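Taking it in order: structure first as structure tokens, then the write-up.
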Amino acid sequence: MKKVIAQPLYNWYRALLRNSKYRWIVIAGSLLYLVSPIDFATDVIPVLGWIDDGIVVSVLAAEVSQILVEQLKNRRAKASNLDSIAAN
């Protein structure tokens, strides 16, 4: 049951972050969700209220860091290609 709900939601969220057109909107929306009093599980409930915020923060941090690492690798690859072209 958990994978039926969580996996499609995670895949959708990840696909939106991967799309450069919607990336900043999703990041801003995620941060707004974290500070908003409207949650899936309210923060009044001590543990459950923090779990959904923790999940959003962890998924957002993991995906954004992965995107940044991929961009850094692409820049380094382009720089090394340019250096090898210039050396020839």
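Each value in this text was obtained by applying a stated rule to the coordinates, not by laboratory testing. Worth saying up front: this structure is predicted, and the values here are computed from it rather than measured. Heads up, the Cβs are rebuilt from the backbone with ideal geometry, glycines too, and the neighbour counts pull from every protein chain shown.
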Single unsatisfied condition, I38 versus (1) loosely packed, with under 13 Cβ neighbours inside 10 Å; (2) assigned to a helix (DSSP H, G or I); (3) over 10 Å from the mean Cα position of the chain (by Cα): (2)
Qualifying residue in region 29-48 (condition: among the aromatic types (F, W, Y) and within 17 Å of L16 (Cβ to Cβ)): yes
Of the candidates S20, S80, S65, S84, the one satisfying the condition of being surrounded by fewer than 11 Cβ atoms within 10 Å (Cβ to Cβ) and not in a helix (DSSP H, G or I) is S20
Cross-chain or 6+ apart pairs with Cβ under 6 Å, region 5-16 first and touching a residue at least 24 places away in the same chain (Cβ under 8 Å) and within 15 Å of E63 (Cβ to Cβ), then assigned to a helix (DSSP H, G or I) and of a type outside the set (V, I, T): R14/E63
